[in-house]
1. Please find, within the range 1-36, the residue that is farthest from Val83 (Cα to Cα) out of those that are part of a helix (DSSP H, G or I) and within 15 Å of the chain's Cα centre (by Cα).
2. Could you list, in sequence order, the residues of the range 34-74 that are exposed (fewer than 13 other Cβ atoms within 10 Å of the Cβ), touching a Gly at 6+ places or on another chain (Cβ under 8 Å) and of a type in the set (A, V, I, L, M, F, W, C)?
3. Got a sec? Which of Pro26, Pro22 is surrounded by 15 or more Cβ atoms within 10 Å (Cβ to Cβ), touching an Asp or Glu at 6+ places or on another chain (Cβ under 7 Å) and within 15 Å of Thr121 (Cβ to Cβ)?
4. Determine which member of the set Ala112, Ala117 is of a type in the set (A, V, I, L, M), over 14 Å from Pro22 (Cα atoms) and free of Cβ contacts under 8 Å to residues at least 40 places away in the same chain.
5. Identify the single condition in (1) surrounded by 13 or more Cβ atoms within 10 Å (Cβ to Cβ); (2) at pLDDT below 90; (3) among the small types (Gly, Ala, Ser) that Ser9 does not satisfy, given that it satisfies every other one.
6. Applying the selection to the range 80-92, what residues are within 11 Å of the chain's Cα centre (by Cα) and aliphatic (A, V, I, L, M)?
7. Can you say whether Ser126 is closer than 19 Å to Arg31 by Cα and either touching a residue at least 24 places away in the same chain (Cβ under 8 Å) or part of a loop (DSSP other than H, G, I, E, B) (or both), as far as the supplied structure shows?
8. May I ask you to verify whether Val102 is surrounded by 13 or more Cβ atoms within 10 Å (Cβ to Cβ) and touching a strand residue (DSSP E or B) at 6+ places or on another chain (Cβ under 6 Å)?
Amino acid sequence: MAISTAAFSTASNGSDKATYSPSINPNIGVRYGTDYGGIVRNQAVGGEVYTVERFGKRRTWTMMYSFLASADQAKLQALIDQVDGRKTTFYFSEDNFGTSGVGVRFNQDSFAFEEVAQGATGITLSIIEQL
């Protein structure tokens, strides 16, 4: 599904989305993916390969925001601080919580805002679905 209005919240219904969602959408080119990291591949001594599924596949999103005003940067920084980076889950919606949000967590260890113009910054965020 294409992002119509990206929103972030600590509540599944998006009740506090205004606190954490920037007023602009991410740049065009959001990457959507699937992570199969829960499937472990093993090989027996005789060469037979077998797999064990610890958990199912998870959706991933990587999005870049450019030209964030200081107020929008503060909202994203508040979200990062609220969830302690990748420690705590939060909710992401591609349609401004018109439908229910998806439980996610950050899929990165470091966050850096980069100055892209006078008074504007950019950041790349990578999130993964929480099962």
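1. To start, the set of residues in the range 1-36 that are part of a helix (DSSP H, G or I) comprises 17-20.
Among the residues that remain, those that are also within 15 Å of the chain's Cα centre (by Cα) are: 17, 20.
Working: Lys17: 14, Tyr20: 11 Å.
Filtering the range 1-36 for residues that are part of a helix (DSSP H, G or I) and within 15 Å of the chain's Cα centre (by Cα), the one farthest from Val83 (Cα to Cα) comes out as Lys17.
2. Phe55
3. Details: Pro26 fails: touching an Asp or Glu at 6+ places or on another chain (Cβ under 7 Å).
That would be Pro22, the only listed residue that is surrounded by 15 or more Cβ atoms within 10 Å (Cβ to Cβ), touching an Asp or Glu at 6+ places or on another chain (Cβ under 7 Å) and within 15 Å of Thr121 (Cβ to Cβ).
4. Working: Ala117 fails: free of Cβ contacts under 8 Å to residues at least 40 places away in the same chain.
Exactly one residue qualifies, and that residue is Ala112.
5. For Ser9, the exception is condition (2).
6. Ile80
7. Details: closer than 19 Å to Arg31 by Cα: yes; either touching a residue at least 24 places away in the same chain (Cβ under 8 Å) or part of a loop (DSSP other than H, G, I, E, B) (or both): yes.
Yes: the conditions hold for Ser126.
8. Details: surrounded by 13 or more Cβ atoms within 10 Å (Cβ to Cβ): yes; touching a strand residue (DSSP E or B) at 6+ places or on another chain (Cβ under 6 Å): yes.
So Val102 passes the test.
The values are calculated or read from the model by the stated rules, or taken from the named source; none is laboratory data. Every value quoted in this text rests on a predicted model; they were computed, and no experiment measured them. No Cβ is skipped: glycine too gets one built from the backbone with ideal geometry, and neighbour counts run over all protein chains shown.
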